[in-house]
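Single-structure report; data block below.
The values are calculated or read from the model by the stated rules, or taken from the named source; none is laboratory data. All values derive from a computational prediction rather than experimental measurement. Here the Cβ positions follow ideal geometry from the backbone for every residue, glycine too, while neighbour counts run over all protein chains shown. To get the accessible areas, we keep the full protein, side chains included, count just its heavy atoms, and leave off ligands, DNA and RNA. Shrake-Rupley method; radii C 1.70, N 1.55, O 1.52, S 1.80 Å.
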Amino acid sequence: MALEVDDDGLIRLQKLLAQSGVASRRKCEELMLEGAVEVDGEVVTRLGTKVDPATAVIRVQGKRLPPVSAHVYMVLNKPRGVVSTMSDPEGRRTLQDLVADRPERLFHVGRLDTDTSGLIILTNDGDFAQRLAHPSYEVDKTYVAEVDGDVHPSTLKQLRAGVILEDGPVEVRNVKLVMGPQGNPTGRSIVELTIHEGRNRIVRRLLDHVGHPVRRLTRTQVGPVKLGKLPVGEVRELTIDELGTLLDTAQL
């Protein structure tokens, strides 16, 4: 987004809000006068206020407005069979092959198993990628798994209580049965579960541990970012709200 800044690199706050898509210039001025806009933790009501669009931490009605930057933040719906790297010495299909038309040098935030499909975030912001992938920030990740067998309520209760694997305990934030085997032509069950772990093949190991080996697995959500109807192999940019929430999560 190209902004008209002054010689000091500053821009009037209401103009920045309007150009960022918050609302019309007049509505943005009303929001400021109502005390709904914060800059670096302080409520700003003076309409002549100027800010640095690259560094100011701006919130509108409590929601973070991402800073203006050259960074890109995208969601990819990774197909099965694609390795979660940007290059592969074995010549397998990679994430880079799916975004070969992009000029940026992109990083992936975390990984998905080669045989797992779904949501993976790509960015050229290295700090953002590193922080979000770090377990200390506990970003929730939601998966939909097709598993063998009939998943009973007692198994769901066992998962909610937490499971101890060979490399330590796993906290399951939420789990529910989406479809039992009687409603699935394959005779398998479909479960949805949310965890914040990023350990290797953690969802598959978790469900195998409770007696329901995974046959197909898709990640459908990371933090506030949902896969939705994004076609397999396609990308989209994060929305302002999604990015703002993730920047707060990563404390950036």
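Restricting region 35-62 to residues that are loosely packed, with under 14 Cβ neighbours inside 10 Å and modelled with pLDDT under 90, which is farthest from K15 (Cα to Cα)?
Restricting to residues being loosely packed, with under 14 Cβ neighbours inside 10 Å and modelled with pLDDT under 90, the top hit is T55.
Under the condition of being aliphatic (A, V, I, L, M) and in contact with a Lys or Arg (Cβ under 9 Å, 6 or more places away or on another chain), which residue from region 122-135 is farthest from Y73 (Cα to Cα)? Give the steps one after another, and end with the answer.
Of region 122-135, the ones aliphatic (A, V, I, L, M) are 122, 129, 132-133.
Adding the requirement that they be in contact with a Lys or Arg (Cβ under 9 Å, 6 or more places away or on another chain) leaves 122, 133.
On the way: L122: 6, A133: 14 Å.
My answer is A133.
Of all residues in region 241-252, which are part of a helix (DSSP H, G or I) and either open to solvent by less than 50 Å² (accessible area, probe 1.4 Å) or over 22 Å from A133 (Cβ atoms) (or both)? Give the derivation first.
Step one: of region 241-252, the residues part of a helix (DSSP H, G or I) are 241-249.
Scanning region 241-252 gives E242, L243, G244, L246, L247, T249.
Please tell me if T155 is assigned to a helix (DSSP H, G or I), open to solvent by 10 Å² or more (accessible area, probe 1.4 Å) and within 15 Å of V203 (Cβ to Cβ). Spell out the reasoning first.
On the way: assigned to a helix (DSSP H, G or I): yes; open to solvent by 10 Å² or more (accessible area, probe 1.4 Å): yes; within 15 Å of V203 (Cβ to Cβ): yes.
Yes; evaluated as a whole, the condition is true for this residue.
Restricting attention to region 12-26, which residues are of a type outside the set (A, V, I, L, M, F, W, C) and either assigned to a helix (DSSP H, G or I) or open to solvent by 30 Å² or more (accessible area, probe 1.4 Å) (or both)?
Filtering region 12-26 for residues of a type outside the set (A, V, I, L, M, F, W, C) gives 12, 14-15, 19-21, 24-26.
R12, Q14, K15, Q19, G21, S24, R25, R26, listed by residue number.
In region 178-199, what residues are more than 23 Å from the chain's Cα centre (by Cα) and surrounded by 13 or more Cβ atoms within 10 Å (Cβ to Cβ)? If you could, list the steps in order and put the result at the bottom.
In the first step, residues of region 178-199 are kept if they are more than 23 Å from the chain's Cα centre (by Cα); the result is 179-189.
Passing the criteria: M179, G180, P181, N184, R188, S189.
Condition check: in contact with a Ser or Thr (Cβ under 7 Å, 6 or more places away or on another chain) and surrounded by 15 or more Cβ atoms within 10 Å (Cβ to Cβ). Does L112 satisfy that? If you could, list the steps in order and put the result at the bottom.
Details: in contact with a Ser or Thr (Cβ under 7 Å, 6 or more places away or on another chain): yes; surrounded by 15 or more Cβ atoms within 10 Å (Cβ to Cβ): yes.
Judged against the criteria, L112 is a match.
Looking only at region 71-91, decide whether some residue is touching a Cys at 6+ places or on another chain (Cβ under 7 Å) and not β-branched (V, I, T). Spell out the reasoning first.
At the first step, the residues of region 71-91 found to be touching a Cys at 6+ places or on another chain (Cβ under 7 Å) are none.
No.
Being open to solvent by less than 20 Å² (accessible area, probe 1.4 Å), over 18 Å from N77 (Cβ atoms), of a type outside the set (V, I, T) and touching a residue at least 24 places away in the same chain (Cβ under 8 Å): is that true of L119 here?
Numbers: open to solvent by less than 20 Å² (accessible area, probe 1.4 Å): yes; over 18 Å from N77 (Cβ atoms): no; of a type outside the set (V, I, T): yes; touching a residue at least 24 places away in the same chain (Cβ under 8 Å): yes.
No; evaluated as a whole, the condition is false for this residue.
Residue by residue through region 200-240, note down the ones that are open to solvent by less than 70 Å² (accessible area, probe 1.4 Å), part of a strand (DSSP E or B) and either farther than 30 Å from A161 by Cβ or touching a His at 6+ places or on another chain (Cβ under 6 Å) (or both).
V235, R236
Among the residues of region 77-88, is there at least one that is among the hydrophobic types (A, V, I, L, M, F, W, C), within 27 Å of R199 (Cβ to Cβ), in contact with a Lys or Arg (Cβ under 9 Å, 6 or more places away or on another chain) and crowded, with 17+ Cβ neighbours inside 10 Å? Can you show your working first?
Kept after step one, since they are among the hydrophobic types (A, V, I, L, M, F, W, C), are these residues of region 77-88: 82-83, 86.
Next, from what is left, pick out any that are within 27 Å of R199 (Cβ to Cβ): 82-83, 86.
Now narrow it down to the ones that are in contact with a Lys or Arg (Cβ under 9 Å, 6 or more places away or on another chain): 82-83, 86.
If we keep only those that are crowded, with 17+ Cβ neighbours inside 10 Å as well, we get 82-83.
Among the residues of region 77-88, at least one is among the hydrophobic types (A, V, I, L, M, F, W, C), within 27 Å of R199 (Cβ to Cβ), in contact with a Lys or Arg (Cβ under 9 Å, 6 or more places away or on another chain) and crowded, with 17+ Cβ neighbours inside 10 Å, which makes the answer yes.
Condition (residue is in contact with a helix residue (DSSP H, G or I) (Cβ under 7 Å, 6 or more places away or on another chain) and among the charged types (D, E, K, R)) applied to region 124-142: is it met by at least one residue?
yes
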